[in-house]
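The values are calculated or read from the model by the stated rules, or taken from the named source; none is laboratory data. From a predicted model like this one, the values you see are computed outputs, not experimental measurements. For neighbour counting, all protein chains shown are included, and Cβ atoms are generated from backbone atoms with ideal geometry for every residue, glycine included. Ligands, DNA and RNA are stripped out before the accessible areas are found, and what is left, the full protein with its side chains, is counted by its heavy atoms. Shrake-Rupley method; radii C 1.70, N 1.55, O 1.52, S 1.80 Å.
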Amino acid sequence: MLHLLDESLETFLRAVVPLPQRSVDVVFDAPDGDWAAGVSRPTVNLYLWDVRPNLVERHWGEDLISMDDGRRVRREPLPRIDCRYLVTAWTTEVRDEHSLLGSVLTALLLHPFIGAEHLRGPFATVRPLPTVSLRTGDGTENSDFWSALGGQL
């Protein structure tokens, strides 16, 4: 499932920012020193550092699902999951990095969900659509963040 979310995020950003494939890379690697040394083109890095259940937006009860044969069955609602990404931009000039990162953040702020046209594979049928939000932490997850990065950025 996470690979489908990654593919959907890349498709979304390439279309909405836009990020042309011929001139900007979109990657999902840990942005450590070894990785950074190999960056040779403008790059947007979306590093998935945390996955956890979303209990606030969880739906309760049962969903009624229509099967291909016409039957209707009940099932538990699909869980809501928060996937937290560190979003960074990499270029040869700081001004260009800020411009690229600003364009990505603008797209994320202006689009509260990833539209169905950007969803990939079986992920395309997931409803409700995946939401996008920029959040600041309350400081309690700082150790989790740095642990996920191996203590370095």
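Which value, in Å² and to the nearest 10, is the accessible area of Met67 when all protein chains are kept and the probe is 1.4 Å?
Per-residue accessible area (Met67): approximately 80 Å².
If eta is 1.567 mPa s and T is 4 °C, what Stokes-Einstein diffusion coefficient results for segment 27-96, Kirkwood Rh from Cα pairs, in µm²/s?
Value of D from the Cα-based Kirkwood radius: 82 µm²/s.
Could you look at the chain and say what percent of its accessible area is carbon and sulfur, using a 1.4 Å probe and all protein chains?
Carbon with sulfur: 53 percent of the solvent-accessible area.
Please list the equivalent ellipsoid semi-axes of segment 78-139, computed as the square roots of five times the alpha-carbon gyration tensor eigenvalues, in descending order and whole angstrom.
After scaling each eigenvalue by five and taking roots: 26, 15, 10 Å.
Can you give the accessible area of Leu119, probe radius 1.4 Å, in Å² rounded to 10?
10
If I fit a long axis through the Cα atoms of helix 2-16 and take the longest principal axis of the Cα atoms of the chain, what angle between them do I get, 0 to 90°, rounded to 10?
70
List the residues, sorted by chain then number, that are 5 or more residues from Asp50 or on another chain and whose placed amide H is less than 5 Å from its amide H.
Excluding prolines and chain starts, which carry no amide H, the hits are Arg84.
In Å², and per residue, what accessible area does segment 1-114 have when probed at 1.4 Å with the other protein chains present?
Value for segment 1-114: 64 Å² per residue.
Which is the longest stretch in the chain that no exposed loop site breaks, taking sites as trypsin sites (Lys or Arg not before Pro) with a DSSP loop state and at most 12 other Cβ atoms within 10 Å?
72-134
What is the angle, in °, between the Cα long axis of helix 94-110 and the longest principal axis of the Cα atoms in the chain? Nearest 10 is fine, range 0 to 90.
Value to nearest ten degrees: 20.
Ignoring everything except DSSP H segments at least 4 long, calculate the 222 nm mean residue ellipticity for the chain; use -39,500 (n - 2.57) per segment, divide by total residues, nearest 500.
The helix-only estimate for the chain comes to -8500 deg cm²/dmol at 222 nm.
So, in nm, how far is label Phe113 from label His98 when the simple model puts each one 7 Å beyond its Cα toward the Cβ?
3.5
Note down the accessible area of Ile65, probe 1.4 Å, to the nearest 10 Å².
That residue has around 40 Å² of solvent-accessible surface.
So how do Glu117, Glu93 rank on accessible area, 1.4 Å probe, biggest first, that is with the largest at the start?
Glu117, Glu93
Indicate the gyration tensor shape class of segment 36-77 (rounded, prolate or oblate), computed on the Cα atoms with a ≥ b ≥ c the square roots of the eigenvalues: a/c under 1.5 is rounded; otherwise a/b larger than b/c is prolate and the rest oblate.
Cα axes put segment 36-77 in the oblate bin.
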